[in-house]
Amino acid sequence: MNRTFDRRDFLKLGGAAAALAAAGCATTPQTRARVVVIGGGFGGATAAKYIRLWDPAIEVVLVERANLFTSCPISNLVLGGSKTMEDIRHSYDGLRKYGVQIVFDEALAVDAAKRSVRLERGGALSYDRLIVAPGIDFMYDQIAGYDAAMKTGRVLHGWKAGAQTVGLRKQLMQMKDGGVYVLSVPLAPYRCPPGPYERACQVASYFKKAKPRSKVLIVDANPDVTSKGPLFKKAWAELYKGMIEFRGNAKAIGVDPKTNTVKLEVEDVKGDVLNVIPPQRAGDLAVKAGLITANNRWCGVDWLTTESTAVKGVHVLGDATLSAPGMPKSGAMANQQAKICASAVVALLNGRAPNPEPKIANTCYSYVSADEAIHVASVHTWNAQQKTLTTVPGAGGVSSARNALEGSYAWAWAVNIWQDTLG
Amino acid sequence: MRIAIVCAAALAVAPMAASAQQQNAGRDLAASCAMCHGTNGRGAVGYEPLAGMAKQDLVRKFTEFRSGAKPATVMHQISKGYTDPQVQLIAEYFAAQKR
Ligand SMILES: Cc1cc2nc3c(=O)[nH]c(=O)nc-3n(C[C@H](O)[C@H](O)[C@H](O)COP(=O)(O)OP(=O)(O)OC[C@H]3O[C@@H](n4cnc5c(N)ncnc54)[C@H](O)[C@@H]3O)c2cc1C
C-alpha cells in the first residue's frame, strides 16, 4: 500500500536549502526521507536526535528560533539565587554529532498538502513527515491589561525561561524588605503543574536569607495546590513559617501596574512584584498549522504515534498536545513522548507498523529549598480499549518526605535530561 | 530518483508487521529510562549506568525495587509500571550496550 512520489515534484530547493548548504550541511535529499522538526525544546530536540540515532538513513532538519536552549526546569532556582542563567542555557551543537541539521529560523506556516514548511528567512523546507513541538503561547487576552503591563516590564510571567527569568530575578532583588511578591496561577491544564509551588519555595528561600520581613502571596485559580499539595504545604509551614500565604479559587482577570494590583474574580490584591502566569495554549505555529482540536487550545494526537488527529503526516509533541489522562505538561513527558514519536516515524518511513505498545514514564522533581527536593512519578502505557495512554495503576507516586538525596538526584536529572535531549 | 513513502491514509489499513516491531520493543522500553540513566544507559551523572549491566543483575535489581527489598527514592514506584516480560526485554537491551 506504499505510494511512490518523485521527491523532486515537491522538493522546493529554495532559500532553506541554500541556508542548509551555507550552514555546512548540504545533503542529497533526493535519495533519503526527510523529517522536519519545528521547535528544539524538550520534545522536538529529543525527537530529532532519536530519529537519527535509530535510523541514520533519515534526514532530520530541526528548525528553532533561538540560538541557545534555555531550560525551564531549574529556572526557579535562578529566581531563588542558587543557580544562574549560565546553568540553564545550553548549546544545540551536541545534536550535530548525530547528524541533525539545525536551522536557526522562525517557522511561519505549514502547507500540509504540499508537505512544506515556510521559514521567515530561509524559504521553504519540504518534508516526508513533520514534527511540530512549539511548546506553549499565552492567552494574554484572558487578563485585562496584561499585554500592556508586560510590555513595560511591570508584570512578568517567567513561564518561558529567558529574558523574563532575568527580569523577575532583578525585580525580586530590587524589592524592599517587607514587600509582597504575588504569584498568580492559572486554571489547569498549564505547563508544569508543580512549577508555581516550587517557585513559591524558591522565592521564599531567597526572602528568608535576604529580606526576612517579605511575603509570598499565591493566588491560584484552582481550588487547591494542583500537584504534591501535602508535601508543598508541609515545606511552606516548616521551612518558611508565616512567609507563604495560599489562596485558592482566586483567578486573575486583570492587572493594573499603576496601582500594583492584580484583579481577581473575588477581590483585588496588591503587591510589589507581580508575577502573573496567564492561561496557555499550544504555541502559535500549531494554531497556524491547523493542529488545534480541543477547546481552541490544544492539539489532539493519536498517542500510539503522536500523529495529529487533524492533519495527516504531522506529529505533535510536548506541551502543545491535548494531554492523555493523568499526563502532566512537563519536560520529562515531552522528552518521553518524543521517543514514541521517533520510533513511530522511523517505523512508518520504513514501511513498518509502529510499536503497538508504547510505554513511557514521567518524574517531576521540585526543589522546596536550595537543596531539598520532592518528586511525583507515573508510568503511562498504551491502553487498547481506550485507544490512548493511561497511567499504570499501582505504579508511580510521590516522595515520602522532602529530602536532600532527591535534591541531588533532581540536579542530576536535569543534567541528564539536557544531555539526553540535546546530545 | 524515486523513493517509497508510506501514505498516511493507507497506514490505517496496513497489516501489523509484528515481527519487525518486536525487535525494537526492548529499545523503545529502555528509552524511557534514559532521561535519568543516560541515552542507551550511558554517560549519566549521579545515576548508575545501565549500559553493559548483566541481564540477570538488572532483572534482579528491578525485581527487588518492585518488592521493596532494595531501598529506593523513586525506582520502587517506576518499576511497578513494567511487566516481567518487559523487564526481560529492557535488561537484554542494556546488557547488549557498550559500557
Ligand atoms: C518554571 C518552570 C519550571 C519547570 N520545571 C520542570 C521540571 O522540573 N521538570 C519538567 O519535566 N518540566 C518542567 N517544566 C515544564 C517544561 O519546561 C515544559 O513542559 C517543556 O519545556 C515542554 O517541552 P516542549 O518541547 O513542548 O516545549 P519547549 O521546551 O517550550 O520548546 C518549544 C521550542 O520551540 C521553539 N519554537 C516555537 N515556535 C517556533 C517557531 N514557529 N519556529 C521556530 N521555533 C519555534 C521555541 O523557541 C522552543 O525552543 C517547567 C516549566 C516552567 C515554566
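Odds and ends about this structure:
- Flag for A:Ser378 being within 16 Å of the ligand (Cβ to nearest atom), part of a strand (DSSP E or B) and of a type in the set (Gly, Ala, Ser): yes
- 1 or more residues at pLDDT 95 or above and of a type in the set (Phe, Trp, Tyr): qualifying helices (runs of 4 or more DSSP H) within chain B: B:55-67, B:84-95
- Flag for A:Arg169 being closer than 21 Å to A:Pro196 by Cα, in contact (Cβ under 8 Å) with a residue 24 or more places away in the chain and over 17 Å from the mean Cα position of the chain (by Cα): yes
- Scan of segment A:351-375 for residues that are facing chain B (nearest Cβ under 8 Å) and either within 11 Å of the ligand (Cβ to nearest atom) or closer than 25 Å to A:Gly40 by Cα (or both), ordered by number: A:Pro354, A:Asn355, A:Pro358, A:Lys359, A:Ile360, A:Ala361, A:Thr363, A:His375
- Residue, nearest to the other protein chains (Cβ to nearest Cβ), within segment A:125-148, restricted to residues that are away from the ligand (no atom under 16 Å from the Cβ) and touching a Leu at 6+ places or on another chain (Cβ under 8 Å): A:Asp128
- Out of A:Lys312, A:Lys288, A:Lys251, sole residue that is outside the structural domain of A:Ile51 (by TED's automatic domain parsing) and among the basic types (Lys, Arg): A:Lys251
Per-residue answers, yes or no, for (1) under 22 Å from A:Gly135 (Cα atoms); (2) over 19 Å from the mean Cα position of the chain (by Cα):
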| position | (1), (2) |
| --- | --- |
| A:Gly326 | yes, no |
| A:Lys329 | yes, no |
| A:Asn335 | yes, no |
| A:Ser343 | yes, yes |
| A:Asn350 | no, yes |
| A:Gly396 | no, yes |
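One line per residue, one yes/no per condition, for (1) closer than 28 Å to A:Ala289 by Cβ; (2) open to solvent by less than 40 Å² (accessible area, probe 1.4 Å):
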| residue | (1), (2) |
| --- | --- |
| A:Gly99 | yes, yes |
| A:Ile131 | yes, yes |
| A:Tyr140 | yes, no |
| A:Ala149 | no, yes |
| A:His157 | yes, yes |
| A:Lys176 | no, no |
| A:Tyr181 | no, yes |
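- Which listed residue is more than 14 Å from chain B (Cβ to nearest Cβ), open to solvent by less than 30 Å² (accessible area, probe 1.4 Å) and out of contact with any Ser or Thr (no Cβ under 9 Å at 6 or more places or on another chain), from A:Leu62, A:Leu79: A:Leu62
- Candidate set: segment A:249-278, residues that are open to solvent by 30 Å² or more (accessible area, probe 1.4 Å) and touching a residue at least 24 places away in the same chain (Cβ under 8 Å); chosen: the one nearest to A:Met139 (Cα to Cα): A:Ile253
- Residue count for segment A:398-415, restricted to those that are more than 7 Å from chain B (Cβ to nearest Cβ) and part of a helix (DSSP H, G or I): 5
- Test: residue in segment A:322-345 that is within 13 Å of another protein chain (Cβ to nearest Cβ), in a loop (DSSP other than H, G, I, E, B) and surrounded by fewer than 18 Cβ atoms within 10 Å (Cβ to Cβ): yes
- Test result for A:Thr70, open to solvent by 10 Å² or more (accessible area, probe 1.4 Å), out of contact with any Phe, Trp or Tyr (no Cβ under 9 Å at 6 or more places or on another chain) and near the ligand (Cβ under 9 Å from one of its atoms): yes
- Hits in segment B:45-74 - residues which are of a type in the set (A, V, I, L, M), free of Cβ contacts under 8 Å to residues at least 12 places away in the same chain and open to solvent by 20 Å² or more (accessible area, probe 1.4 Å): B:Val45, B:Ala69, B:Ala72
The values are calculated or read from the model by the stated rules, or taken from the named source; none is laboratory data. It should be emphasised that the depicted structure is a prediction, and the values quoted were computed from it without experimental measurement. Note: ideal-geometry Cβ built from the backbone for every residue, glycine included; neighbour counts use all protein chains shown. Quick note on the areas: whole protein, heavy atoms, side chains included, nothing else; ligands and nucleic acids left out. Shrake-Rupley method; radii C 1.70, N 1.55, O 1.52, S 1.80 Å.
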